[in-house]
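For reference, the structure is listed below as structure tokens.
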Amino acid sequence: MTARPISESVASLMPRAKAELAELVAFQSVADPAVFPTSECDAAAEWVAGALRAEDFQDVALLDTPDGSRSVYGFLPGPAGAPTVLLYAHYDVQPPLDESAWLSPPFELTERDGRWFGRGSADCKGGFIMHLLALRALRANGGVPVSVKVIVEGSEEQGTGGLEQYAQAHPELLAADTVVIGDTGNFRVGLPTVTSSLRGMTMLRVRLDTLEGNLHSGQFGGAAPDALAAMIQLLASLRAEDGTTTVDGLTTQGTWDGLQYPEAEFRKDAKVLDGVELIGTGTVADRIWARPAVTVIGIDCPPVVGATPSVQASARAQISLRVPPGGDADAVTKLLTAHLKTRAPWGARVSVEQVGQGQPFRADITSPAYTAMADAMRAAYPGQEMQTSGMGGSIPLCNTLAGLYPEAEILLIGLSEPEAQIHAVNESVSPEELERLSVTEALFLQNYAASKNA
């Protein structure tokens, strides 16, 4: 089968894809009951399950995972003797953040400037729609040549490990010859890319206590130990003056030898303000794909509006530390915990709670599945060759699957190219990328089946 019939089928399906993505984006499926009701996640999971049933998937089930979330599973049998491919996406999303900064409602898919805007449009509800488009195109052109398992996770953004724990307890469920993770993205719009490595992460909450209660800053300030000031000093110890991550005992000199990320392009993608320097040393690719990176992602402190002249008795912060390939998230967690406990000033009482963790991942790009993907990308993106890049983010399930199924080939593609602004306000997806990557995935499944039958 040539690429043209698949491309034509996907093109004809795009209006339906847009309508379905709009329905899915409308669910406020933030997997954090402190932010949004769990009913929104449940409704999104039911929608995904219904979509799989409509495509004749068997054994469709909503899996209750140990972290309280629900993942959706389905199986589509292929021809006798065909290999099995597992397709992954997740329906949970990040909170919308400052809704007033969105140019259109975050949970209402809106077309603007040639893109579709909405929370989860790229990360990763669009990834599920991509899988559906690929399978529908194949069915319109002779049928799906492989057996397909689909797993759509409900807590990937939280890093709480529900699906990983479920998979470890049910190792037969997700067994496959190859896995396509639809949760990364091209290095640039129009440049077909597979992600060959992921940083892992650990997420900790640290609390400092210095007083039995808040005190008047005029009466006691200057001698009473301020917990908020202690927290600021502790957090500052996690970075050198140039911004390099500095956790006691942690190596920070990794290098990246693959596709490079020009600094000017990075500044544009990251929307760095004029005159503001990048942090760290080495190439941009070294810093974001091969080295650890600490981020203070939240801090409890009095807001400016309504603040009182008080010395704070307690302070709390949440810290994310990205772990490069070759590192071990367990060991890094221990180093970060020890750093926080020993670097707190003035004898402040320290408590540390782990709230998330995932191991880094590196794929074997010499495997036959990568050859099949390269051929598919070459056909779907005429004039372009497949590129391999790293990704600074984490998909904890990858290492779980690699451990459970060491013979399985794992490929990472998706819709989260830089313009998508995932995790930020005004997240969007390029419909052209959705179309081309759906064609890519369909051709890959065709190529992969042919290579197994050769």
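The values are calculated or read from the model by the stated rules, or taken from the named source; none is laboratory data. In this text the structure is predicted, and so the values were computed from the model without any measurement. When we count neighbours, we look across all protein chains shown, and the Cβ atoms used for this are built from the backbone with ideal geometry, even at glycine. Heads up: the accessible areas ignore ligands, DNA and RNA and are worked out on the full protein's heavy atoms, side chains in. Shrake-Rupley method; radii C 1.70, N 1.55, O 1.52, S 1.80 Å.
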Residue among Thr252, Thr308 that alone is in contact with a strand residue (DSSP E or B) (Cβ under 8 Å, 6 or more places away or on another chain), assigned to a loop (DSSP other than H, G, I, E, B) and of a type in the set (S, T, N, Q): Thr252
Subset of the stretch 89-126 (residues that are farther than 25 Å from Ala34 by Cβ and touching a Phe, Trp or Tyr at 6+ places or on another chain (Cβ under 9 Å)): Leu103, Ser104, Leu109, Thr110, Glu111, Phe117, Gly126
Verdict on Met231 being part of a helix (DSSP H, G or I) and open to solvent by less than 30 Å² (accessible area, probe 1.4 Å): yes
Subset of the stretch 280-330 that is of a type in the set (Ser, Thr, Tyr) and closer than 27 Å to Gln354 by Cβ - its residue that is nearest to the chain's Cα centre (by Cα): Ser320
Enumeration of residues in the stretch 292-333 that are open to solvent by less than 40 Å² (accessible area, probe 1.4 Å) and more than 24 Å from Met201 (Cβ to Cβ): Ser310, Val311, Gln312, Ala313
Enumeration of residues in the stretch 372-403 that are hydroxyl-bearing (Ser, Thr, Tyr) and either touching a Phe, Trp or Tyr at 6+ places or on another chain (Cβ under 9 Å) or modelled with pLDDT under 95 (or both): Thr388, Ser389, Ser394, Thr400
Sole exception among (1) open to solvent by less than 20 Å² (accessible area, probe 1.4 Å); (2) in contact with a Lys or Arg (Cβ under 8 Å, 6 or more places away or on another chain) for Val194, by number: (2)
Selection count, the stretch 33-57, where residues are open to solvent by 50 Å² or more (accessible area, probe 1.4 Å) and outside any helix (DSSP H, G or I): 5
Tally, over the stretch 212-228, of residues that are surrounded by 13 or more Cβ atoms within 10 Å (Cβ to Cβ) and assigned to a helix (DSSP H, G or I): 4
